[in-house]
Amino acid sequence: MTIPATSSNKQQLRGEIRQLLRGAPRESEGVREALRRWLAARPALRTVALFAALPGEIDLLPLLASAPDRRWLFPRVCGEDLIFCQVRDPACDLQPGSLGIREPSPALPGVPLSEIDVFLCPGLAFDPLGGRLGRGRGYYDRALAASRPDALKLGICHPCQLVADTFPQAHDVIMDGVISGADTPTTGKLT
């Protein structure tokens, strides 16, 4: 039986995952290494949108040094939207943003969504069908919905964040795959 997607299902799952992530610190290196291998096998993906991690999320900052030839973009909240900006030096270019997340300085220009080849997306949970449970404000869903149709959307998480169902609703954008450790994505466009 499929449980219908409702706000209460999603809120309950958000609470459960937040509680789980409050436990012992989780190691990010296995996920980063899987992501490095995945990106290395796809040199045509030149412009990569990633994120500055909140507590409990995978820290992706070391990727910049491991592949300096790529164009790395980070999101900045601007009203109800995300603007992605190129970051070359995280220590100088990222600063605390309005939601307490490090984001690009307002002095950095935005890059059009149409130039982004792959979005590395944070989330509280992901399911086997590519469902992503965000934090509930819709920033990523709006940005991903406005991206190029061929831009890849890849969820990045710890293995404990993989769940049976994220209760996706019509406005939720489905991921093309998820990297959560030593395994690589095997769904949709990512095979």
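The values are calculated or read from the model by the stated rules, or taken from the named source; none is laboratory data. Note that the structure is predicted; figures quoted are calculated from it, not measured. Every residue, glycine as well, gets a Cβ built from its backbone with ideal geometry; the counts of neighbours run over all protein chains shown.
When you look at Ala53, is it of a type in the set (Gly, Ala, Ser), buried (at least 19 other Cβ atoms within 10 Å of the Cβ) and within 18 Å of the chain's Cα centre (by Cα), yes or no? Here the answer is no, as Ala53 does not meet what is asked.
Taken over the stretch 105-135, the residue count meeting the criterion of being closer than 24 Å to Pro43 by Cβ, surrounded by fewer than 19 Cβ atoms within 10 Å (Cβ to Cβ) and not charged (D, E, K, R) is 3.
Could we say that Gly138 is on the phi > 0 side of the Ramachandran plot, modelled with pLDDT under 95 and out of contact with any Cys (no Cβ under 6 Å at 6 or more places or on another chain) here?
Numbers: on the phi > 0 side of the Ramachandran plot: yes; modelled with pLDDT under 95: yes; out of contact with any Cys (no Cβ under 6 Å at 6 or more places or on another chain): yes.
Yes; evaluated as a whole, the condition is true for this residue.
Being among the polar types (S, T, N, Q) and under 15 Å from the mean Cα position of the chain (by Cα) is a property that holds for Ser28.
For the stretch 56-69, the set of residues classified as under 17 Å from the mean Cα position of the chain (by Cα) and among the charged types (D, E, K, R) consists of Glu57, Asp59, listed by residue number. Number of residues in the stretch 103-117 that are out of contact with any helix residue (DSSP H, G or I) (no Cβ under 8 Å at 6 or more places or on another chain) and outside any loop (DSSP other than H, G, I, E, B) equals 5.
Here Arg142 passes the criteria (1) surrounded by fewer than 18 Cβ atoms within 10 Å (Cβ to Cβ); (2) assigned to a loop (DSSP other than H, G, I, E, B); (3) charged (D, E, K, R) except the one numbered (2).
For the criterion of being aliphatic (A, V, I, L, M), under 15 Å from the mean Cα position of the chain (by Cα), in a strand (DSSP E or B) and modelled with pLDDT of 95 or more, Leu120 passes.
Collect the residues in the stretch 82-104 that are loosely packed, with under 15 Cβ neighbours inside 10 Å and within 19 Å of Tyr140 (Cα to Cα), keeping them in residue-number order.
Looking only at the stretch 82-104, we keep the residues that are loosely packed, with under 15 Cβ neighbours inside 10 Å, and these are 88-89, 91-92, 95-96, 98-100.
Of everything in the stretch 82-104, those that are loosely packed, with under 15 Cβ neighbours inside 10 Å and within 19 Å of Tyr140 (Cα to Cα) turn out to be Pro96, Ser98, Leu99, Gly100.
In contact with a Lys or Arg (Cβ under 8 Å, 6 or more places away or on another chain) and at pLDDT below 95: is that true of Gly97 in this structure?
Details: in contact with a Lys or Arg (Cβ under 8 Å, 6 or more places away or on another chain): yes; at pLDDT below 95: yes.
In short, yes.
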